[in-house]
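Written below as structure tokens is the structure these notes are about.
The values are calculated or read from the model by the stated rules, or taken from the named source; none is laboratory data. No experiment lies behind these values; they were computed from the predicted model shown. All Cβ positions, even for glycine, are placed from backbone atoms using ideal geometry, and neighbour counts span all protein chains on display. Heavy atoms of the whole protein, side chains included, go into the accessibility calculation; ligands, DNA and RNA do not. Shrake-Rupley method; radii C 1.70, N 1.55, O 1.52, S 1.80 Å.
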Amino acid sequence: MEIERAHDLSPGLLRQRRNLMMASTVLIFLGFSQAELQSVQALGLHVTFGRPEAVVLGLVAVTFYFAYRYLLYLIQEPGQGLKGDFFRRLNEYSEPKIRSLRDSLYPEGKGLHLEERLGVRSKGLFSWSIMVPSAQDDTGGFETGELIIHFRQVMPESIKAALLACLTRSYFTDYFFPFLLAATGVGSIVWASFIRQA
């Protein structure tokens, strides 16, 4: 498995990522430890909470806010070629299946090289159209036919391509892990509230 060189995240995205991860980590700690905040002492001030659950709800709201801010900064990041890497892998893994589909639809084109790749032309939300050699002509060239590939036909290959495209780079830890951490934090608070009510 080849690991690609890491890239630098922009300072703004790093700042939002740090905020989201800190808020999420606090939520995870509060949720799984089932800590109850009664009072806080800081800068010589002692604050007692009449409704401690409001503090936790406030932290959940802050986590959602930081997740939104992080998403805004993430959208503005320059593309790092994840889509291209995904389709390169998808075409590599699904080529035998596409050849088999082509051979069953256009038997006279069997053995001819596939020229067009998935991801070039979309046929719908979850399907692609590719032009494939359907038969050899008299001049040594070939005729073409259209082949529609639906996502469900290449689902295992798509999952493998997506996982490897993400895991062979730092995409998961750089971009998606903060969202997973935030979801875990909010989930731990929900879980802790069910435990207390039970």
Requested in this report: Report, by chain and number, residues whose modeled amide H sits under 5 Å from the one on residue 142, excluding near sequence neighbours (fewer than 5 apart, same chain).
Outcome: 137
Query raised in the report: Under 5 Å between amide H atoms, partner at least 5 residues away or on a different chain: which partners does residue 123 have, H built in plane at 1.01 Å?
Result: 128, 129
Query raised in the report: Based on the mean of other beta carbon atoms within 10 Å per residue, what is the order of 165-176, 43-54, 115-126, most packed first?
Result: 165-176, 115-126, 43-54
Query raised in the report: Taking the Cα centre of the chain as origin and charging only Cβ (+1 Lys, Arg; -1 Asp, Glu), how large is the dipole, in debye to the nearest 20?
Result: 820 debye
Report task. Specify which labelled value, from (i) 1, 7, 11, 11, 11, 10, 10, 9, 7, 6, 5, 4, 3, 2, 1, 1, 0, 0, 0; (ii) 1, 7, 15, 19, 22, 19, 11, 4, 1, 0; (iii) 1, 7, 16, 20, 20, 16, 11, 6, 3, 1, 0, agrees with P(r) over Cα pairs in 5 Å bins from 0, in percent derived from the coordinates of the model shown. Result -> (i)
Requested in this report: Mind checking the per residue accessible area of the chain for me, 1.4 Å probe, whole number of Å²?
Outcome: 62 Å²
Query raised in the report: Looking at 66, 162, 26, which one has the Cα that reaches farthest to the positive end of the dipole of the chain (charges on Cβ: Lys, Arg +1; Asp, Glu -1)?
Result: 26
Requested in this report: Take every Cα-Cα distance within segment 58-125, group them into 10 Å bins from 0 onward, and report for each bin the whole-number percent of pairs it holds.
Outcome: 16, 28, 22, 15, 12, 6, 1
Report task. Under a cut-off of 20 Å between alpha-carbon atoms, report the aspartates and glutamates in cross-link reach of residue 97, not counting same-chain residues fewer than 8 places apart. Result -> 85, 108, 115, 116, 146, 157
Report summary line: Once Lys and Arg are counted +1 and Asp and Glu -1 for all other residues with Cβ under 15 Å from that of residue 66, the total becomes +4
Query raised in the report: If you put +1 on each Lys and Arg Cβ and -1 on each Asp and Glu Cβ, how big is the dipole of segment 111-198 around its Cα centre, in Debye rounded to 20?
Result: 760 debye
Requested in this report: Take the solvent-accessible surface of the protein heavy atoms, probe 1.4 Å, and return the percent of it on segment 1-130 that carbon and sulfur atoms account for.
Outcome: 61 percent
Query raised in the report: Viscosity 1.306 mPa s, temperature 10 °C: Stokes-Einstein D of segment 70-172 from its Kirkwood Cα radius, in µm² per second?
Result: 105 µm²/s
